[in-house]
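Structure first, commentary second.
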Amino acid sequence: FGRAGVKPSGYGGFDAVAQPEVVFDWSKRKLRLVEEILRFLPDVLTVQECDHFADFLLPALRTAGYDGVYAPKRHSPCLEFGYHSDGVAILWKKSAFAPIGSERRFFIEDDGSESARPYLLALLRHRECDSTLLVATTHMKAKLSQPNEDLRAKQITQLLDALEESAADKADAVMLCADFNTDPYDEPGKQVAKCVPAVLGHRLGLRSAYPLPRSEHDGWWTTWKKRGASEVKHTIDYIFHSTGLQPTSVLAPPAVDDLEEARLPGIRYPSDHLSIVAEMQMP
């Protein structure tokens with residue numbers, strides 16, 4: 001990996017992955033990622049850490065009846081390795097939803113400037129029941145620490161306020177699907193949880209489609225990976241919804257015995273995050 005003038009990637013530090021030259025080969029991995037999406041054919045899909053939207057993901061999913069919008073990150077670290085800037089996307093099945101409008105925004109820093117990190121809003125109308133759904137996605141700051149958690153809580157509140165403003169008199173239901181990069185519970189000695197509690201305590205009244213774990217020992221998780229001597233399992237990806245949506249079922253994580261020794265990603269699964277999927281009833 002790496003080209004002249006850019007940093008070598010070293011497979012992102014996933015040194016425990018067997019056959020990394022196969023697992024991380026984009027010509028193969030991109031097809032496995034699309035295969036994972038087509039397994040479920042969701043009416044609405046959000047994607048984070050997406051750096052091949054216009055040149056691959058959107059054209060590929062258009063052949064399956066989807067359309068979507070994208071917001072790239074400014075000054076993405078991916079650029080240091082010679083790749084495209086990563087970002088977030090919202091896609092919808094055209095047979096299920098018609099787009100009304102979308103908006104790309106950036107979080108605001110304390111000095112009033114726009115940060116490099118985007119969030120994306122899309123207002124959709126369900127073709128069958130005529131209800132409107134406001135969907136939002138983002139990818140929050142990574143790394144466990146109290147300053148980072150304070151920042152995540154501050155930024156997610158900005159997104160929630162924008163959702164509340166946009167939903168007024170426009171949306172029958174709201175859905176926030178994102179990589180929060182933080183667990184819903186306190187990490188002793190590292191950080192007090194503030195980001196997920198900020199969502200649950202906001203005036204919008206959003207709730208999680210999945211049961212939220214109370215500790216790292218609970219059975220629900222969305223990412224499990226090994227890098228060097230470190231092995232971590234976290235719940236950091238979420239589907240939050242307003243009371244206008246009623247979840248009827250969710251996709252459970254795989255059994256430990258079904259995972260490879262290196263956990264995620266690997267030959268069996270193309271990402272270090274699980275797909276999380278919820279069936280919802282529209283109002």
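When you look at TRP220, is it within 18 Å of ALA255 (Cβ to Cβ), open to solvent by 30 Å² or more (accessible area, probe 1.4 Å) and out of contact with any helix residue (DSSP H, G or I) (no Cβ under 8 Å at 6 or more places or on another chain), yes or no? So TRP220 fits the description; yes. Set side by side, the residues ALA60, ALA98, ALA64 differ, and just one is surrounded by fewer than 18 Cβ atoms within 10 Å (Cβ to Cβ) and part of a loop (DSSP other than H, G, I, E, B), which is ALA64. In region 243-253, what residues are out of contact with any helix residue (DSSP H, G or I) (no Cβ under 8 Å at 6 or more places or on another chain) and within 27 Å of LYS141 (Cα to Cα)? Scanning region 243-253 gives VAL250, ALA252, PRO253.
Mind listing whichever residues of region 176-193 are touching a residue at least 40 places away in the same chain (Cβ under 8 Å), open to solvent by 10 Å² or more (accessible area, probe 1.4 Å) and over 19 Å from ALA162 (Cβ atoms)? Answer for region 176-193, where residues must be touching a residue at least 40 places away in the same chain (Cβ under 8 Å), open to solvent by 10 Å² or more (accessible area, probe 1.4 Å) and over 19 Å from ALA162 (Cβ atoms): ASN181, PRO184, GLU187, LYS190, VAL192, ALA193.
Summed over region 133-159, residues that are within 19 Å of ARG207 (Cβ to Cβ) and part of a strand (DSSP E or B) total 6. Residue count for region 101-119 satisfying the condition of being under 12 Å from SER166 (Cα atoms) and touching a residue at least 24 places away in the same chain (Cβ under 8 Å): 2.
Do you know which of the residues in region 2-27 that are more than 18 Å from LYS225 (Cβ to Cβ), open to solvent by 60 Å² or more (accessible area, probe 1.4 Å) and part of a loop (DSSP other than H, G, I, E, B) is modelled with the lowest pLDDT?
For region 2-27, the residue satisfying everything is ARG3.
Would you be able to say whether some residue in region 160-182 is over 22 Å from TRP92 (Cα atoms), modelled with pLDDT of 95 or more and either in a helix (DSSP H, G or I) or among the hydrophobic types (A, V, I, L, M, F, W, C) (or both)? Yes, there is a match, as at least one residue in region 160-182 is over 22 Å from TRP92 (Cα atoms), modelled with pLDDT of 95 or more and either in a helix (DSSP H, G or I) or among the hydrophobic types (A, V, I, L, M, F, W, C) (or both).
Scanning region 232-268 for residues that are outside any strand (DSSP E or B), crowded, with 18+ Cβ neighbours inside 10 Å and in contact (Cβ under 8 Å) with a residue 60 or more places away in the chain turns up SER242, GLY244, LEU245, ALA262, PRO265, GLY266.
The values are calculated or read from the model by the stated rules, or taken from the named source; none is laboratory data. Keep in mind that this is a model prediction, so the values were computed, not measured. No Cβ is skipped: glycine too gets one built from the backbone with ideal geometry, and neighbour counts run over all protein chains shown. These accessible areas exclude ligands, DNA and RNA; they are computed on the full protein's heavy atoms, side chains included. Shrake-Rupley method; radii C 1.70, N 1.55, O 1.52, S 1.80 Å.
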